[in-house]
1. So if I check each of ILE134, ILE98, which one is among the β-branched types (Val, Ile, Thr) and farther than 30 Å from LEU24 by Cβ?
2. Only residues in segment 52-74 that are without any contact (Cβ under 8 Å) to a residue 60 or more places away in the chain and acidic (Asp, Glu) count as the first member; pair them with residues that are assigned to a loop (DSSP other than H, G, I, E, B) and surrounded by 15 or more Cβ atoms within 10 Å (Cβ to Cβ), Cβ under 9 angstrom, at least 6 apart or cross-chain, and list the lot.
3. Whether any residue in segment 141-153 is under 21 Å from the mean Cα position of the chain (by Cα), surrounded by 13 or more Cβ atoms within 10 Å (Cβ to Cβ), part of a helix (DSSP H, G or I) and modelled with pLDDT of 80 or more is what I want to check.
4. Considering each residue of segment 20-35, count those that are surrounded by fewer than 11 Cβ atoms within 10 Å (Cβ to Cβ) and among the aliphatic types (A, V, I, L, M), and give that number.
Amino acid sequence: MLKMTKQNNKLTDQKYQDKGKSSLIHGGIVVLLIAISPFLFYLYESFPDTQIWETSIFTIETSYDSMYAFAWYLSSKSIPLLLLLIWFFTCKHWWHWIILVPISMYAFQLWGIINESNSMDEVEIYYVIPLMMILIPSVYVIRAKLFDKVRGNDLKAFEEELGQNRSLWQQIKDLFK
């Protein structure tokens, strides 16, 4: 029989207190980032409306109409990407992997802006489609396995149901059972 002493109890309490403090710090950082995201988005308004931005420290030139436009494009892609990444890393639901689809879309668009590509928001879908072809069926299989455990069905019945010929309307209705 295990006997708990006061000393062991103090060590356990200290471990949970340390874990709680770090959790509060991480949660505070996440809350702060979400709270200041509108301010981060509107930072583009502080950029000059010229193609060349000269200061005593640096000089930046862009192929966009102005640094203001470049900063607007940059913030309109990076802030949603930041919020989606926070959502992905803090979500505890089984379906959180599907959030990678919009994350990859914004990441490719941001990459196009940074490279100052003229075909912005046009070809990213061709890079996202292969990812979608892997993620969407994978998430659906995870969903099927989870519902299999919850409902108690076996996979053979699931495979038989997939093999049945059904109309498009019946298939849509089956998705929302």
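1. Values: ILE98 fails: farther than 30 Å from LEU24 by Cβ.
On inspection, the qualifying residue turns out to be ILE134.
2. GLU61/GLN51; ASP65/GLN51
3. No; the residues of segment 141-153 include none that is under 21 Å from the mean Cα position of the chain (by Cα), surrounded by 13 or more Cβ atoms within 10 Å (Cβ to Cβ), part of a helix (DSSP H, G or I) and modelled with pLDDT of 80 or more.
4. Residues meeting the conditions: 4.
The values are calculated or read from the model by the stated rules, or taken from the named source; none is laboratory data. Please read all numbers here as calculations on a predicted model, not as lab measurements. Because the Cβ atoms are built from the backbone with ideal geometry, glycine has one as well, and the counts that use them run over all protein chains shown.
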